Amino acid sequence: AISFSDDPHGTVPAVNRLLSYFRHCECQHLHLKPSDVGHDSVGHFAFFHERFRDTLWPLALHWLRHGRIPPGLSSALISLPLI
């Protein structure tokens, strides 16, 4: 999961609660500040806006291709226990 500090709905507790429903799998939660990826704001649904095509979408693509977050963002990773 990817969440942003300026998202009033996708807070860390809310996203972690959502991920807790995915049992018997490794879950990772990447929690970023918009400034971590060169933006002033992202919000809740804006990740899917085309203006983030070159900055945010590659984060998800990298994870899909390689099964890990891109280098340099590990400090924002919240690992959750296997349930």
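Under a Cβ-Cβ cut-off of 15 Å, what is the net charge of the residues other than Phe52 that fall near it, where Lys and Arg count +1 and Asp and Glu count -1? Display every interim value, and only then the final one.
Values: positive: Lys33, Arg51, Arg53; negative: Asp6, Asp7, Asp36, Asp40, Glu50, Asp54.
Net charge around Phe52: -3.
Considering only alpha-carbon pairs that sit under 8 angstrom and 6 or more positions apart, the relative contact order computed for the chain is 37 percent.
Between Arg23 and His49, how high is the FRET efficiency from 1/(1 + (r/R0)^6) when r is the Cβ-Cβ distance and R₀ = 22 Å? Nearest 0.05. Mind showing how you got there, number by number?
On the way: r = 32 Å, r/R0 = 1.46.
E(calc), rounded to 0.05, equals 0.10.
Using 0.36 nm per residue and subtracting the Cα-Cα separation, the extra length available between Ala14 and His66 on full extension is 16.1 nm. 3J(HN,Hα) along the stretch 42-49, derived from phi through the Karplus expression 6.51 cos²θ - 1.76 cosθ + 1.60 where θ = phi - 60°, amounts to 10, x, 8, 9, 5, 3, 7, 6 Hz, with x in place of Gly and Pro. Taking the stretch 51-73 and a reference point 7 angstrom along Cα→Cβ of Asp40, the backbone N atoms nearer than 19 Å belong to 51-56. Dipole check for the chain: with +1 at the C-beta of Lys and Arg, -1 at the C-beta of Asp and Glu, and the Cα centre as origin, the magnitude is about 280 Debye. For the chain, the longest principal axis of the Cα atoms and the long axis of helix 57-66 meet at an angle of about 40 degrees.
Quick one: net charge of Leu30's neighbours, Cβ under 15 Å, K/R +1, D/E -1? Net of charged neighbours comes to -2. Coupling constants for the stretch 11-26 follow from the phi torsions by the Karplus curve (6.51 cos²θ - 1.76 cosθ + 1.60, θ = phi - 60°), and in residue order they are 6, 4, x, 5, 5, 4, 4, 4, 5, 5, 6, 8, 7, 6, 9, 7 Hz; glycine and proline get x.
No lab work stands behind these numbers, since they all come straight from the coordinates. For clarity, every value in this text was computed on a predicted model and none was experimentally measured. Note: ideal-geometry Cβ built from the backbone for every residue, glycine included; neighbour counts use all protein chains shown.
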